[in-house]
Amino acid sequence: MSIIKTINCRLMQINHRCNKDEYFALQSKIEYYLNAVDKSQAEYKLLMMRLLEIKSSNDFYNVKLPTVEKSQERNQSAICSLSPKHCEDNFESLDYKSQNLKYRLQDSFQKFLTVNELFKDISKLHKENNDKEYFLKTNFDSEDNLICVYLPEFKNSSSISTIYLSYGLCRNHHNRSYMDVTYYSDGRMEIDELNSYVERKRHGAFMLQCLLEMVPRFNEDIEKKNQQKYLNLGRIYSSWDEFKSSINYENPIKYIHGKIKPNRNLTREDLVRFYGRNGFIQNGRLYREVY
């Protein structure tokens with residue numbers, strides 16, 4: 001250290017303007033934050049890749065969330081490299097960098113917390129529905145937060161099946177995102193209610209997308225049920241064609257329809273645009289052919 005710098009530093013210490021001790025603490029924080037942010041972002045990316053492959057609630061239980069190690073303080077006996085002439089400005093710049101990294105790390109922690117809350121919510125839904133599980137799929141919303149669609153069971157004709165969307169731990173049923181659908185044996189499926197508690201983040205769009213993915217499986221189950229009926233009632237009908245024309249035959253789902261229901265936050269025009277973007281509007285009505 002030069003004599004001039006030594007003198008200037010000493011004067012700053014006398015005037016209580018030296019940031020040497022705080023400088024080393026900041027350097028230690030910045031080094032920790034940099035390493036922790038890099039590590040948490042890498043682990044979060046790997047975690048998201050794994051979560052997108054989840055096909056059942058059991059897969060959730062096999063996922064372990066990573067933890068970030070606590071800060072390791074640096075040795076504060078190192079030589080201060082701040083220039084006395086710009087000491088305070090440089091220190092403020094370092095402090096700003098430290099705060100910025102701290103916020104980024106807190107954001108990473110919040111993302112892991114949100115994933116953990118989603119795990120808890122799926123587990124809660126699973127228990128509430130007696131561990132039934134027909135369909136489960138994960139995705140990201142428009143803000144890159146993890147969401148999950150879950151259907152406990154596909155219910156019989158004229159009974160409501162509820163499709164849930166989880167975006168975190170739901171502590172109040174009024175905050176639950178869901179879609180009620182009803183299958184009718186004449187070959188139609190009706191959307192009775194679509195409630196997306198968190199709006200304009202593609203939660204409703206993901207529920208509609210999943211519904212379209214479920215329909216082929218619904219139809220496979222309907223066909224299996226018809227075949228079992230035919231075996232049980234074979235003595236009544238002379239042929240499969242005769243059975244298909246009877247009231248006991250359940251038609252596969254051919255189209256999805258429903259009523260457009262505005263609310264306090266969304267007008268009819270908003271909903272028409274929403275359903276239209278997702279291919280569910282025909283001639284101004286909520287309608288989509290699927291078969």
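Zone of N130 (label point 7 Å along Cα→Cβ, backbone N under 20 Å): which residues in the range 138-161?
Residues passing the 20 Å test: 150-161.
Could you name the lysines whose alpha carbon sits less than 21 Å from that of K261, not counting residues in the same chain fewer than 8 places away?
Filter leaves K201.
Modelled label-to-label distance, D221 and E193, 7 Å Cα→beta-carbon offset: nm?
Between D221 and E193, the simple spin-label model gives 2.0 nm.
Along each of the three principal axes of the Cα atoms of the range 130-289, give the extent in whole Å, ordering the values from largest to smallest.
The Cα atoms of the range 130-289 stretch 57, 40, 23 Å along their principal axes.
Take E289, project a point 7 Å from its Cα along the Cβ direction, then tell me which residues of the range 219-257 have their backbone nitrogen under 19 Å from it.
Residues 219, 251-257 fall inside that zone.
If we count other beta carbons within 10 Å of each Cβ, what is the order of H173, H203, fewest first?
Details: H173 7, H203 23.
Taking fewest neighbouring Cβ atoms as first place, the list is H173, H203.
Can you check how the C-alpha radius of gyration of the range 209-291 compares to 2.2 N^0.38 Å, as a plain ratio?
Working: Rg = 18.0 Å, N = 83, 2.2 N^0.38 = 11.8 Å.
The reported ratio for this selection is 1.52.
I'd like the Karplus ³J(HN,Hα) series for the range 101-114: coefficients 6.51, -1.76, 1.60, θ = phi - 60°, whole numbers in Hz, and an x wherever there's a Gly or Pro.
Those phi angles translate into 5, 4, 5, 5, 5, 4, 4, 5, 4, 5, 5, 5, 5, 5 Hz.
How large is the charge dipole for the range 130-289, taken about the Cα centre, if only the Cβ atoms of Lys, Arg (+1) and Asp, Glu (-1) carry charge, to the nearest 20 debye?
Working: 24 positive and 22 negative charges, 66 e Å.
Computed charge dipole of the range 130-289: roughly 320 debye.
Say each of E92 and N116 gets a label point 7 Å from the Cα, pointing the same way as Cα to Cβ; how far apart are those two points in nm?
3.8
Every number in this text was worked out from the coordinates using simple rules, so none of it is lab data. Quick caveat: nothing in here was measured; it's all calculated off a predicted structure. Counting neighbours? That spans all protein chains shown, and the Cβs are built from the backbone with ideal geometry, glycine included.
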